[in-house]
Amino acid sequence: MPTDAAVQKADRVLLVSTVPITLYHLRGFVKWLAKRGYEVHVASAPRELETFVAGWPCMVHRLPLRRRISPFADLWAVACLIRLIWKVNPAVLHTHSPKASLLSMLAASVTTRRLKIYHVHGAPFETATGLSRLVLIASERLTAYLADEVWCVSNSVLRLFTEIGVPPAKMRVPQNGSIAGVEARRLFSPDERAADRMTSRAKLGLGAKDVLVGFVGRLSDEKGIDELRQAWESLSRANPHAFLVVVGDTDERQPISSAAMSWLASGPHV
């Protein structure tokens, strides 16, 4: 990694997300940048930040970011972001998750010129209703307006943002749809991971012929946990060899129903 004295602004990239788990998807990207001589900085909320980026070739910064809307806390977060951007002075500001992206773009708009990229992982307004939906759409429009480029993880997300008025010329879909690429030769190769797959099945008490379905995501209402429960109840009755593995953390902002929580705790073959 180049020293501060040797590194120019053009060599620096600052990645920002609201929560550290989002950064984890970028671990390969961070290593790719570092290998090519870039000085990489990552910033997020402090909870578990060091755990998620342990061993990464980057500099880590804690920010007072929250997922919930909190006017005074958010203003303080913008002030901290302004200070961080002035300190790091990156050539590229690459933001992830709606809240961190909006605050980062506001902070960057009052600092010196740099490339501002908003990387859209999803569209929270898609499942919102009423005033909440209007606020979320206005927020996304403002973030996109302040950004120089808007990267979407899929063509469907690009279409959603086009529908709310984001100029298509400002948007792109990297590699036809991805957050930061997939290591398909080793990590996602069925042949390479056959032994690991059988070990994991054995720990769950499953055989080689059992049908295993996986869900990975936040346990929140907007993720469709109730719909998954209803579908699974029908599927499991028809196929006694089908099993479901659910991986995710609870989301207090949009809690799942008590019926869904009970199903997760004691549902058949879950």
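The values are calculated or read from the model by the stated rules, or taken from the named source; none is laboratory data. Values in this document were obtained by computation on a predicted structure and should not be read as measured data. Methodologically, a virtual Cβ is constructed for each residue, glycine included, from the backbone with ideal geometry; neighbour enumeration extends over all protein chains shown. Ligands, DNA and RNA are stripped out before the accessible areas are found, and what is left, the full protein with its side chains, is counted by its heavy atoms. Shrake-Rupley method; radii C 1.70, N 1.55, O 1.52, S 1.80 Å.
Determine the pairs where a residue that is hydroxyl-bearing (S, T, Y), located within the stretch 255-270, has a partner that is open to solvent by less than 80 Å² (accessible area, probe 1.4 Å) with Cβ atoms under 7 Å apart, the partner being 6 or more residues away or on another chain.
Once the first residue is hydroxyl-bearing (S, T, Y) and sits in the stretch 255-270, its partners that are open to solvent by less than 80 Å² (accessible area, probe 1.4 Å) give S257/D226.
What pairs come out if I take residues in the stretch 189-208 that are farther than 12 Å from V245 by Cα and pair them with residues that are open to solvent by 70 Å² or more (accessible area, probe 1.4 Å) and modelled with pLDDT under 80 whose C-beta lies under 6 Å away, six or more apart or interchain?
Correct list of pairs: E192/R186.
Within the stretch 225-254, how many residues are more than 14 Å from F215 (Cβ to Cβ) and in contact with an Asp or Glu (Cβ under 7 Å, 6 or more places away or on another chain)?
2
Would you confirm whether any residue within the stretch 224-231 is modelled with pLDDT of 85 or more, charged (D, E, K, R), open to solvent by 70 Å² or more (accessible area, probe 1.4 Å) and over 24 Å from A108 (Cα atoms)?
Scanning the stretch 224-231 turns up at least one residue that is modelled with pLDDT of 85 or more, charged (D, E, K, R), open to solvent by 70 Å² or more (accessible area, probe 1.4 Å) and over 24 Å from A108 (Cα atoms).
Contact list please: Cβ distance under 6 Å, first residue in the stretch 165-185 and without any contact (Cβ under 8 Å) to a residue 60 or more places away in the chain, second residue open to solvent by less than 50 Å² (accessible area, probe 1.4 Å) and in a helix (DSSP H, G or I), pairs at least six apart or on different chains.
If the second residue must be open to solvent by less than 50 Å² (accessible area, probe 1.4 Å) and in a helix (DSSP H, G or I), the pairs left are V166/A144; M171/L158; V173/L158.
From the list G165, G181, G214, G207, exactly one residue is under 19 Å from L26 (Cβ atoms) and either among the aromatic types (F, W, Y) or surrounded by fewer than 16 Cβ atoms within 10 Å (Cβ to Cβ) (or both). Which is it?
Going through G165, G181, G214, G207 in turn, just one is under 19 Å from L26 (Cβ atoms) and either among the aromatic types (F, W, Y) or surrounded by fewer than 16 Cβ atoms within 10 Å (Cβ to Cβ) (or both): G181.
Does the stretch 82-98 contain any residue that is crowded, with 21+ Cβ neighbours inside 10 Å and of a type in the set (F, W, Y)?
no
Give the stretch 99-118 a look and list any residue that's farther than 16 Å from S44 by Cβ, open to solvent by 30 Å² or more (accessible area, probe 1.4 Å) and in contact with a helix residue (DSSP H, G or I) (Cβ under 6 Å, 6 or more places away or on another chain), or say none.
If the condition is that a residue be farther than 16 Å from S44 by Cβ, open to solvent by 30 Å² or more (accessible area, probe 1.4 Å) and in contact with a helix residue (DSSP H, G or I) (Cβ under 6 Å, 6 or more places away or on another chain), then L106, S109 are the ones that fit.
What about L81, is it within 19 Å of T22 (Cβ to Cβ) and aliphatic (A, V, I, L, M)?
So L81 passes the test.
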